[in-house]
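Have a look at the structure below before the remarks.
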Amino acid sequence: MHVFTMRLRHVVVAASAAAALASPLTAAAAVDHSDAFQAVAATQPIVLDGTLSDPVWKTGLVANAFFDVTTQRPAGQDVATTAYILYDKDDIYVGFDCEQSSIPIDATQTTNGVGSDSDDQVEIDIDTSGNGSRTYTFKATPRGVRYQSSTESQRFNPPWRAAASIGSGDWHAEMAIPLRDLRSGTAPWRINLQRRIAATNEIFSWVYDPTMPGPNDSRYWPELDGMHLSDNALRPLPHADVFGLTSLGSDRDKFQQASGAFGPQRARSLGGDLTYPFTSTLALVGTANPDFSNVELDQQTIAPQQFQRTLLEYRPFFAQGSEYLSPGSHFNVIGTNDEIFYTPSIGTFDSGEKVEGTLRSDAIGLLDTHGPGFDDQAFGLSYRTPAQDFNYFVDGVTARHTQDGSSVTACLGIELECRDDTYEAGFEKRDLASGFFTYVDYASESGDFVADPSLGHMFRGTIAQERHYANIYAWYDDIGPNYAPVDGFTLISDLRGPGFFAEFNGTGNPGSAVKTWYGALGGNRDVDRSGHVSYAQSYVDLKLTLQNRLTLEVNPLVSEQRTSDGYPFYTNSQTLPYDQTAVKADYGLGSASSISTSYSWGQFAAQCSVPPDPTTPNALFCGPYPNLYANFYLQQFGSTIVRQLNTRFNVSLELDGSDERPFLGPSDDQWLRRISFGESLSRTATLSLGLRSITGTGGFAEPGVNFAGSFHDQFPTGDELFIAFGSPASSITLNRLIVKYIVHVGRGGIGT
């Protein structure tokens, strides 16, 4: 057996080599970023049975003394956790021994990837880059159900293994994670171990530091070094996913477009994605004739929106390595990141290729993509120190669009290829000891869509004090009136001004009714180039979580936004109120069965159609042109009940309503009613059915009745089968059946 000594900040180990070989390595107290450990090699491959009965587990690196980061107290003996870590030439092994004598063990889920964070679970977090640019998470429940994630790909799903067993007042879990599916350089890893108890919604972490914002922040994880592996063992394997698709029904050629609307488009029956790693940390990713028939994301809402919504990116080519193409933090008080490369705005595309990954302390992304009416390129480069106390980034996008099929309508009236260039650069500086933080971001846009490049810029500067119990931020924004990258997402242009945000959190005393509390307040005041206030808001958020699993929250917001014909004339201006006070109550959050309800009220404004259309929402409140917006009193109600009936079936019920009431005249409302049913057929197969009805025009969605259903199964080879009827993102039921089969070629894991 190959055993290494380890260094602890607070513990001095004085032992002979023989004693070190005879006893396991143990971390006797909660650890932080200053600690370092040497890995332990297993004497033989470990066969997982979920019991931790194999004596080899006790020879590994031992981690205990977990800390309850929810209540900010050391974990009690009745919920004590001990973890073991070993490795061999193929896998890293992790075992957990979880005491749970006084709290019921929750283990309701039976399908991998379904119901994450609703059962008891344990997890290992791994930062193979050593500086936070690539992290992985692997979770297992008391039934051995697996969940995994990666900052590099939303589709991360390698063939790792887990086994578990439930005892009398305790449970155990074992994991085996293939090293080939963890892109790793030569730097030491950083790791953390966590445990979650669903009945109390509490998180226990091996890592703890009073200044850390949470256990998922890899800046505070200790080092794991000393794994002697060949480059070949760490080199990910090439793999490809080739799909075949067929569609049936009268709506078989109706699909969602980049705008969110559904329109005619012929389905692609064959295509694929390829990943070819040419180093252990860099890969070439390509796609040809990619599929666009997403039926898995329901992004419908009836709540009126002050701002444009951001959508999730699900297409494999764009999801893989997306952070390397948008490396900036994009600090934004409004809560939505402005991006110079926002891939959901790119509609149907034909092909693409890119290089993504890391090289030592650098993260790199290079992309080229083509489609009807566009040919776009993007790049990103960022550097981050191993301590993650400093990083800089540069990125850029060159968009070439024409009018033949492009989502961009015109380029200054010229029917030629139109070019839009945007470049961004910035840096972050943090002091982990004091918590002082500085962030600067600048972007510039030029090209055929920018009438005056001197006004096509974006600047954000932020200073902050970040601590565990309190974070305080102050910033200044300056976004030019001509700044709106064609391939990007810009929430509001033409604003400049200061803002602040402060948040505080704490815990109740032992034995009190309050488990945790949270408070926040903030505001901003921005003016446009005419000197008028263009956007201002102030808000407060107060939240109490009680010991009985009830959470209460109140969130008053006072906001106003000015609209006009824009720079340089600012005619037809209106200052619109968006004042909403919300109260919320949740019971059982973080469990498989929960109840949530909310109610909000206050002034609001909605956009009118030009010319006025009496059939559109808000028609009751809209006056003659040029009044493009209408003011009214808005009330919103929302409620959701999620219930896990047993280990196989689950159901959710939802009722949401919006009532728009003018200060004089009749009201207009809209209601959403939804019931969803899910069945876990096996460890890899699920069936989902959903029925939704939207009535009324006083909201954000088109009325209609929608039924959608889907079946998914993943086979041991990695191949996947999808059968779907309709689309949950449509306002009405689509008479469309899609059958899609994906053949996974190669031994590399999906999304690696």
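The values are calculated or read from the model by the stated rules, or taken from the named source; none is laboratory data. Quick caveat: nothing in here was measured; it's all calculated off a predicted structure. All Cβ positions, even for glycine, are placed from backbone atoms using ideal geometry, and neighbour counts span all protein chains on display.
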If we keep just the residues of the stretch 152-199 that are of a type in the set (Val, Ile, Thr) and surrounded by 20 or more Cβ atoms within 10 Å (Cβ to Cβ), which is nearest to the chain's Cα centre (by Cα)?
ILE191
Run ALA80 past the list (1) surrounded by fewer than 21 Cβ atoms within 10 Å (Cβ to Cβ); (2) more than 21 Å from ASP170 (Cβ to Cβ) and report the number of the one that doesn't hold.
(2)
Are any residues in the stretch 703-731 surrounded by fewer than 19 Cβ atoms within 10 Å (Cβ to Cβ) and of a type in the set (Ser, Thr, Tyr), and if so, which ones?
THR717, SER731
Reported set for the stretch 709-723 where residues are touching a Ser or Thr at 6+ places or on another chain (Cβ under 8 Å) and among the aliphatic types (A, V, I, L, M) is ILE723
Flag for HIS401 being touching a Cys at 6+ places or on another chain (Cβ under 6 Å) and touching a residue at least 12 places away in the same chain (Cβ under 8 Å)
yes
Can you name the number of the only condition in (1) surrounded by fewer than 20 Cβ atoms within 10 Å (Cβ to Cβ); (2) over 15 Å from GLU152 (Cα atoms); (3) at pLDDT below 85 that ALA319 fails?
(2)
Counted residues in the stretch 655-681 being in contact with a Gly (Cβ under 9 Å, 6 or more places away or on another chain) and not in a strand (DSSP E or B) come to 1
Taking only pairs six or more apart or across chains, which ones have beta-carbon atoms under 9 Å, a first residue in the stretch 642-654 that is free of Cβ contacts under 8 Å to residues at least 24 places away in the same chain and assigned to a strand (DSSP E or B), and a second residue that is of a type in the set (Phe, Trp, Tyr) and surrounded by 14 or more Cβ atoms within 10 Å (Cβ to Cβ)?
none
Given the criteria surrounded by fewer than 24 Cβ atoms within 10 Å (Cβ to Cβ), assigned to a strand (DSSP E or B) and either assigned by TED's automatic domain parsing to the domain that holds PRO222 or touching a residue at least 12 places away in the same chain (Cβ under 8 Å) (or both), does ALA107 qualify?
no
Result of the Cβ filter at 7 Å on the stretch 165-187, keeping first residues that are more than 30 Å from THR281 (Cβ to Cβ) and partners that are at pLDDT 95 or above and among the aromatic types (Phe, Trp, Tyr), at least 6 apart or interchain, is SER165/TRP171; HIS172/PHE96
Could you run through the stretch 345-380 and say how many residues are within 18 Å of PRO485 (Cβ to Cβ) and touching a Pro at 6+ places or on another chain (Cβ under 9 Å)?
4
Quick one: would you say ALA399 is at pLDDT below 95 and surrounded by fewer than 18 Cβ atoms within 10 Å (Cβ to Cβ)?
no
From the list ARG219, ARG180, which one is of a type outside the set (A, V, I, L, M, F, W, C) and in contact with a helix residue (DSSP H, G or I) (Cβ under 8 Å, 6 or more places away or on another chain)?
ARG180
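Per-residue answers, yes or no, for (1) in the same structural domain as PRO55 (by TED's automatic domain parsing); (2) under 26 Å from ARG747 (Cα atoms); (3) among the charged types (D, E, K, R); (4) part of a strand (DSSP E or B):
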site: VAL94; (1), (2), (3), (4): yes, yes, no, yes
site: CYS98; (1), (2), (3), (4): yes, no, no, yes
site: ASP117; (1), (2), (3), (4): yes, no, yes, no
site: THR137; (1), (2), (3), (4): yes, yes, no, yes
site: SER153; (1), (2), (3), (4): yes, yes, no, no
site: PRO159; (1), (2), (3), (4): yes, yes, no, no
site: ALA163; (1), (2), (3), (4): yes, yes, no, yes
Of GLN635, GLN644, GLN714, the only residue that is at pLDDT 90 or above and more than 28 Å from the chain's Cα centre (by Cα) is GLN635
Hey, among ASN505, ASN509, which residue is assigned to a loop (DSSP other than H, G, I, E, B), without any contact (Cβ under 8 Å) to a residue 60 or more places away in the chain and either of a type in the set (S, T, N, Q) or surrounded by 16 or more Cβ atoms within 10 Å (Cβ to Cβ) (or both)?
ASN509
